[in-house]
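The values are calculated or read from the model by the stated rules, or taken from the named source; none is laboratory data. Nothing here was measured: the structure is a model prediction, and the numbers come from that model. Ideal geometry is used to build each Cβ from the backbone, glycine not excepted, and the neighbour counts take in all protein chains shown.
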């Protein structure tokens with residue numbers, strides 16, 4: 001059945017059933033009223049919104065509807081993680097062509113529900129509208145558990161570190177687009193990296209607890225996101241290219257291209273943060289996911305990044321990451 | 001200059017300058033970090049999101065960019081008003097074709113800023129993305145000042161009332177689309193009704209203070225929105241068609257069509273609410289905007305509306321309002 005046949009209100013009822021009952025005891029009003037409503041104690045609330053647009057952020061030939069649902073919520077949860085917070089309540093603006101299959105919409109919400117359950121998020125509202133392409137805009141409210149991780153708190157002398165590996169998501173997209181044949185396990189690994197990113201919420205909490213002040217999540221690519229930190233904090237950065245955490249599977253599948261993917265590939269949704277050496281050494285002991293020191297914050301060349309190779313020589317690099325209006329091509333790299 | 005030439009990050013800086021400094025003392029982090037952050041006391045928070053899509057909700061030939069900005073925020077403020085709350089922090093997801101003029105984007109934000117200032121809202125975050133058409137998705141968080149106005153609290157014996165007039169926005173769209181010539185003042189009146197709706201925030205507060213429990217804002221049209229109340233509250237409704245508040249200018253410009261516009265025309269953003277007769281009589285004395293009793297809640301025919309004419313006879317009516325997937329035509333009526 002098409003959404004045109006079911007109609008808006010039938011679709012809303014079906015979505016409400018798919019989403020199911022909210023779990024949070026703080027929720028007062030969920031799906032189906034003019035707004036959602038929830039109780040708060042004295043606290044700091046976090047709010048973010050991020051959109052996925054068909055043929056800009058994704059193509060339906062590559063991602064399944066369930067993966068899209070997962071990712072649409074994941075990218076927002078990642079923003080909350082990058083502030084050191086816990087996500088809570090999500091609202092979804094959905095734009096759909098009238099010919100969309102109802103089953104696909106249900107799958108989309110199943111994907112959202114799946115990651116929502118994993119991170120204790122309740123989907124509490126939103127709206128549905130006809131649209132020329134599929135549009136999934138999620139807004140998410142969360143809570144800070146203590147201090148905040150901001151882009152503006154990096155200080156000269158800090159080391160720069162990342163969780164996990166770099167460039168896997170961009171590599172995944174390359175593989176999915178090219179239909180390049182790798183063994184099944186490797187393909188699944190890269191597909192997962194691109195389409196089912198796992199936001200670093202627990203890691204963000206640990207960073208805050210250990211006194212880290214500066215972080216960002218990697219959505220546009222390492223160089224681009226580190227530039228955000230450098231500009232906001234009015235500092236410069238040095239990156240040691242031979243220290244970047246490049247996964248063995250990336251290395252073997254992409255050889256010389258892997259450095260470029262690690263530097264400029266977007267959508268890894270790892271956390272990039274800066275802190276004193278002693279703090280990072282402690283973090284390495286308590287964090288379950290890998291942490292790699294990749295450079296240092298300096299006080300000269302504000303807003304700029306210098307890339308240094310294994311001999312300590314400056315390397316030139318032109319690609320910086322994704323710019324929505326300047327970057328070529330129809331889909332995000 | 002086109003947004004393609006300025007680029008995403010230049011555009012974000014320009015928008016941040018246009019939006020200016022936030023006013024709320026509760027704001028901790030505004031535009032430019034992974035999320036916005038604000039302090040809350042023990043309270044009830046309200047969250048809503050509503051989207052405007054080019055050629056679905058508006059056409060650029062009819063609305064100016066500044067009017068679009070106003071309206072995109074207004075429709076969200078109206079949802080908060082309909083819960084009896086006060087709006088606080090807005091986030092904006094913007095989708096733009098790469099050929100969009102930068103000046104138009106600035107005008108859009110000026111329109112948002114204008115209504116934001118009027119209602120003490122701060123624009124604290126969002127994102128920008130390339131898109132095939134203009135997409136403006138606003139999410140808004142507010143605070144309940146006391147009890148909530150919900151769709152599910154209407155009770156048999158309640159009277160049904162509305163603030164202001166019905167059908168003016170739909171009439172405005174008809175006039176703007178047809179380029180029908182009316183005198184300048186009348187044209188401006190209808191244009192304003194359609195493109196610069198003024199959400200009933202103060203009125204929502206007064207409703208709560210006087211013990212009203214059930215309300216909705218009129219976005220889809222009287223019959224459609226009243227049906228939401230009837231279904232959520234498991235009650236029926238009778239509407240007296242000769243009691244509907246039809247503005248003299250609507251009557252004179254649309255003659256016999258005016259009843260249809262009042263019943264099914266959407267986007268008036270007035271408040272529709274139900275309460276005991278005595279409460280409504282008190283409200284009429286204290287409310288600065290007009291309030292009209294248009295019917296009553298009954299316990300039979302759950303989820304249904306009966307229209308009665310001046311002789312008390314049932315009238316048939318087929319149009320119920322806007323359904324995003326079933327309604328004909330490219331733009332909202």
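Considering only the stretch A:153-162, I want to know if a residue exists there that is more than 15 Å from the chain's Cα centre (by Cα), within 21 Å of residue A:296 (Cβ to Cβ), within 11 Å of chain B (Cβ to nearest Cβ) and in a strand (DSSP E or B).
Looking only at the stretch A:153-162, we keep the residues that are more than 15 Å from the chain's Cα centre (by Cα), and these are A:153-161.
Filter again for within 21 Å of residue A:296 (Cβ to Cβ), leaving A:153-161.
Filter once more, so that each one left must be within 11 Å of chain B (Cβ to nearest Cβ): A:153.
Filter again for in a strand (DSSP E or B), leaving none.
No: the stretch A:153-162 contains no residue that is more than 15 Å from the chain's Cα centre (by Cα), within 21 Å of residue A:296 (Cβ to Cβ), within 11 Å of chain B (Cβ to nearest Cβ) and in a strand (DSSP E or B).
Before we move on, is residue B:16 more than 10 Å from chain A (Cβ to nearest Cβ), surrounded by 23 or more Cβ atoms within 10 Å (Cβ to Cβ), assigned to a helix (DSSP H, G or I) and on the phi < 0 side of the Ramachandran plot?
Spelling it out, it is not the case that residue B:16 is more than 10 Å from chain A (Cβ to nearest Cβ), surrounded by 23 or more Cβ atoms within 10 Å (Cβ to Cβ), assigned to a helix (DSSP H, G or I) and on the phi < 0 side of the Ramachandran plot.
Output the residue which, of all residues in the stretch A:43-97 that are closer than 16 Å to residue B:129 by Cα and outside any strand (DSSP E or B), is nearest to the chain's Cα centre (by Cα).
Residue satisfying both the conditions and the ranking: A:75.
Given the conditions (1) buried (at least 23 other Cβ atoms within 10 Å of the Cβ); (2) more than 10 Å from chain A (Cβ to nearest Cβ); (3) out of contact with any helix residue (DSSP H, G or I) (no Cβ under 9 Å at 6 or more places or on another chain), and given that residue B:93 satisfies all but one, which numbered condition is not satisfied?
The failed condition is (2).
Going residue by residue through the stretch B:24-41, is there one that turns out to be within 26 Å of residue B:98 (Cβ to Cβ), part of a helix (DSSP H, G or I) and touching a residue at least 12 places away in the same chain (Cβ under 8 Å)?
No, the stretch B:24-41 contains no residue that is within 26 Å of residue B:98 (Cβ to Cβ), part of a helix (DSSP H, G or I) and touching a residue at least 12 places away in the same chain (Cβ under 8 Å).
Of all residues in the stretch A:27-40, which are over 21 Å from residue A:66 (Cα atoms) and crowded, with 17+ Cβ neighbours inside 10 Å?
Residues satisfying the conditions are A:27, A:28, A:29, A:30, A:32, A:33, A:34, A:35, A:36, A:37, A:38, A:40.
Out of curiosity, is residue B:327 out of contact with any helix residue (DSSP H, G or I) (no Cβ under 6 Å at 6 or more places or on another chain), at pLDDT below 90, more than 23 Å from residue B:155 (Cβ to Cβ) and in the same structural domain as residue B:202 (by TED's automatic domain parsing)?
Details: out of contact with any helix residue (DSSP H, G or I) (no Cβ under 6 Å at 6 or more places or on another chain): yes; at pLDDT below 90: yes; more than 23 Å from residue B:155 (Cβ to Cβ): yes; in the same structural domain as residue B:202 (by TED's automatic domain parsing): no.
So residue B:327 fails the test.
Among the numbered conditions (1) touching a helix residue (DSSP H, G or I) at 6+ places or on another chain (Cβ under 8 Å); (2) crowded, with 20+ Cβ neighbours inside 10 Å; (3) more than 8 Å from chain A (Cβ to nearest Cβ); (4) more than 30 Å from residue B:273 (Cβ to Cβ), tell me where residue B:69 comes up short.
Only one criterion in (1) touching a helix residue (DSSP H, G or I) at 6+ places or on another chain (Cβ under 8 Å); (2) crowded, with 20+ Cβ neighbours inside 10 Å; (3) more than 8 Å from chain A (Cβ to nearest Cβ); (4) more than 30 Å from residue B:273 (Cβ to Cβ) is unmet by residue B:69, namely (4).
Quick check, is residue B:46 at the interface with another protein chain (Cβ under 9 Å from one of its Cβ atoms) and under 20 Å from residue B:204 (Cβ atoms)? Outline the logic, then answer.
On the way: at the interface with another protein chain (Cβ under 9 Å from one of its Cβ atoms): yes; under 20 Å from residue B:204 (Cβ atoms): yes.
The answer is yes for residue B:46.
Return yes when residue B:261 is under 30 Å from residue B:189 (Cα atoms), touching a helix residue (DSSP H, G or I) at 6+ places or on another chain (Cβ under 6 Å) and modelled with pLDDT of 90 or more and no when it is not. Talk me through it step by step, then tell me what you get.
Values: under 30 Å from residue B:189 (Cα atoms): yes; touching a helix residue (DSSP H, G or I) at 6+ places or on another chain (Cβ under 6 Å): yes; modelled with pLDDT of 90 or more: yes.
Against the criterion (under 30 Å from residue B:189 (Cα atoms), touching a helix residue (DSSP H, G or I) at 6+ places or on another chain (Cβ under 6 Å) and modelled with pLDDT of 90 or more), residue B:261 qualifies.
Name the residues in the stretch A:208-262 that are without any contact (Cβ under 8 Å) to a residue 60 or more places away in the chain, more than 14 Å from every other protein chain (Cβ to nearest Cβ) and touching a strand residue (DSSP E or B) at 6+ places or on another chain (Cβ under 7 Å), would you?
A:243
Can you tell me which residues in the stretch B:189-207 are surrounded by fewer than 23 Cβ atoms within 10 Å (Cβ to Cβ) and out of contact with any strand residue (DSSP E or B) (no Cβ under 9 Å at 6 or more places or on another chain)?
Listed by number, the residues that qualify are B:189, B:191, B:192, B:196, B:198, B:202, B:206.
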